[in-house]
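Enquirer: Here it is, the structure in full.
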Amino acid sequence: MPSEKLTLGKELAYACGMVGWSIMTNIIIVMLPYFYLPPSNAGLVQLVPQLLLFGVINILSIIAASGRLADALYDPFIASMSDKSRHRRGRRIPFMQWAILPAVVFCCLTFYPLVKGVSDNNSIWLAITMVLFFMGATTYIIPYNALLPELTHSAAEKVKLSSFQQAGFVLGIIIAALVNNYADLVQRFFHVTDRDLAVQYTIWGLCIVAGLIMLVPVLAIDEKKYTTGKPAHLPIMQAIRKTFGNSNFKYYLISDFTFYISLSIVSSGLLYFVTVLLNIDESEGGKLMGAMVVSSLLFYPVVNYFSRKIGKKPLVLIAFGMLSLIFVMIYFLGKFPVSPYVQAYTLALLTAFPLAALGILPNAILAEIAEQDAKETGENREGMFFAVKYFFVKMGQTLGIALFAFLTVYGKDPGHDHGLRLNGVCGCVLCLAALIFFSRFKEARNT
């Protein structure tokens with residue numbers, strides 16, 4: 001093992017990588033449906049046709065799915081390259097360094113359609129930019145996450161570093177969720193009258209900031225000083241097969257996959273739930289997301305404490321159960337006999353504990369799975385474990401965006417909102433499925 005442990009400063013530097021990545025990824029998740037298929041009261045121009053394939057799937061769903069699928073197929077490749085790297089600076093940091101600029105540029109270009117109006121050309125452009133953005137983001141996040149088991153040497157350290165990482169992720173969510181609030185300021189102080197242009201300027205600014213933040217762990221962490229991971233030797237397909245051969249990993253993976261579908265439904269639908277179901281201003285969406293994730297930070301010490309006392313698995317199961325009930329509440333938003341603001345912020349506060357538990361614990365659990373597998377097989381395939389995870393995360397996010405976009409066909413406007421409410425039903429079913437699958441996960445309490 002390395003002779004040195006990470007200091008607090010290095011832990012914070014590591015978390016910065018997640019902040020930047022989270023900002024850009026959540027800009028895509030939060031803003032993509034709202035920017036290209038806005039509700040009638042958004043002040044934005046619709047940019048892609050609301051066409052249905054086979055009478056079921058709309059074009060935005062197809063674009064989101066194709067972009068994520070191409071990226072997800074790229075995950076194992078970059079994981080294998082990272083696992084086998086013999087670079088003098090380490091197996092992970094060099095990949096992270098060169099991924100930042102493409103991710104920034106193509107995240108911004110995703111929101112620069114070729115035609116300001118409904119056009120098939122916009123659909124083609126969107127598909128291309130999304131593929132290139134996600135490939136850049138993947139080249140950063142897979143090696144970044146593979147550092148987690150390599151930088152930590154006990155279960156407690158893994159949970160602690162995962163807590164810092166998740167704090168960075170939720171901070172990124174808050175920043176991304178406030179796009180419309182920043183766009184309001186751009187319009188006010190820079191006298192930009194075009195709402196679409198104000199949103200585009202905002203996204204450029206946020207992505208540049210995100211890229212600079214992603215540089216922090218690249219510059220601050222000397223990978224060779226803190227890790228002892230040796231290059232893997234397995235060919236890519238054999239490495240994938242062996243990774244899937246870990247039975248405990250399969251239960252983890254299925255539950256994680258269903259969770260990310262439901263999480264993407266919430267992220268994609270937040271602005272619609274606020275403006276359509278609750279009939280309050282879109283700027284409240286960012287504040288609502290901020291309240292939700294900031295309040296979740298208060299539960300981080302609780303999650304850390306009880307994960308040591310009772311284990312990680314019970315906390316994850318409780319979180320899935322709570323989320324299923326929260327999705328039921330989404331179905332009834334706007335119909336409770338209390339103020340829309342009370343409904344919105346009650347829902348946000350109830351989501352705090354599940355967000356904390358499901359943000360911190362899964363990566364810590366996966367780090368333990370990867371570490372145990374390395375001990376048993378003698379192959380350091382941390383990158384491949386996280387690549388497989390993020391393949392399913394991306395598929396989950398894609399299906400979440402696609403499912404949300406599909407259900408908008410059944411109503412996404414004031415007075416015609418049945419499609420938005422159906423997302424609550426879907427989310428509830430998904431969280432219950434995640435609970436059932438994760439109940440079969442066998443937690444090793446001695447790690």
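Enquirer: Hey, among the residues in region 407-438 that are small (Gly, Ala, Ser) and surrounded by 14 or more Cβ atoms within 10 Å (Cβ to Cβ), which one's nearest to LYS250 (Cα to Cα)?
Expert: This residue is ALA434.
Yes or no, residue by residue, for (1) modelled with pLDDT under 85; (2) in a helix (DSSP H, G or I):
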position: HIS153; (1), (2): yes, no
position: ALA156; (1), (2): yes, yes
position: GLN166; (1), (2): yes, yes
position: VAL216; (1), (2): no, yes
position: LEU219; (1), (2): no, yes
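Enquirer: Inspect all residues belonging to region 339-350 and state whether any of them is assigned to a loop (DSSP other than H, G, I, E, B) and either closer than 27 Å to LYS309 by Cα or over 23 Å from the mean Cα position of the chain (by Cα) (or both).
Expert: Scanning region 339-350, I find at least one residue that is assigned to a loop (DSSP other than H, G, I, E, B) and either closer than 27 Å to LYS309 by Cα or over 23 Å from the mean Cα position of the chain (by Cα) (or both), so the answer is yes.
Enquirer: Hey, could you check region 227-247 for residues that are farther than 15 Å from PHE392 by Cβ, open to solvent by 10 Å² or more (accessible area, probe 1.4 Å) and part of a helix (DSSP H, G or I) and say which is modelled with the lowest pLDDT?
Expert: It comes out as ILE236.
Let's see how each residue does on (1) under 15 Å from LEU349 (Cβ atoms); (2) among the small types (Gly, Ala, Ser):
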residue: ILE254; (1), (2): no, no
residue: PHE259; (1), (2): no, no
residue: LEU263; (1), (2): no, no
residue: TYR272; (1), (2): no, no
residue: LEU278; (1), (2): no, no
residue: SER283; (1), (2): no, yes
residue: LEU288; (1), (2): yes, no
residue: ALA291; (1), (2): yes, yes
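Enquirer: Run GLY43 past the list (1) open to solvent by 10 Å² or more (accessible area, probe 1.4 Å); (2) modelled with pLDDT under 75; (3) touching a strand residue (DSSP E or B) at 6+ places or on another chain (Cβ under 9 Å) and report the number of the one that doesn't hold.
Expert: So GLY43 meets the others, but not (3).
Enquirer: May I pose another question? Suppose we keep only residues that are out of contact with any Ser or Thr (no Cβ under 8 Å at 6 or more places or on another chain) and without any contact (Cβ under 8 Å) to a residue 60 or more places away in the chain within region 304-317. Which one would you say is nearest to TYR34 (Cα to Cα)?
Expert: PRO314
Matching residues to (1) open to solvent by less than 10 Å² (accessible area, probe 1.4 Å); (2) in contact with a Ser or Thr (Cβ under 9 Å, 6 or more places away or on another chain); (3) in a loop (DSSP other than H, G, I, E, B):
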residue	(1), (2), (3)
TYR251	no, yes, no
SER268	yes, no, no
LEU271	yes, no, no
LYS287	no, no, no
MET292	no, yes, no
VAL302	no, no, no
ILE326	no, yes, no
LYS335	no, no, yes
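Enquirer: While we're on this one: Open to solvent by 40 Å² or more (accessible area, probe 1.4 Å) and hydrophobic (A, V, I, L, M, F, W, C): is that true of LEU109 in this structure?
Expert: Yes.
Enquirer: Any chance region 431-445 includes a residue that's over 21 Å from the mean Cα position of the chain (by Cα), assigned to a loop (DSSP other than H, G, I, E, B), over 28 Å from SER82 (Cβ atoms) and modelled with pLDDT under 80?
Expert: Looking for residues that are over 21 Å from the mean Cα position of the chain (by Cα), assigned to a loop (DSSP other than H, G, I, E, B), over 28 Å from SER82 (Cβ atoms) and modelled with pLDDT under 80, one finds at least one in region 431-445, hence yes.
The values are calculated or read from the model by the stated rules, or taken from the named source; none is laboratory data. Here the structure is a predicted model, which is why all the values come from computation and not from measurement. Positions of Cβ are backbone-derived with ideal geometry, glycine not excepted, and every protein chain shown enters the neighbour counts. Surface accessibility is based on the protein's heavy atoms, side chains included, excluding ligands, DNA and RNA. Shrake-Rupley method; radii C 1.70, N 1.55, O 1.52, S 1.80 Å.
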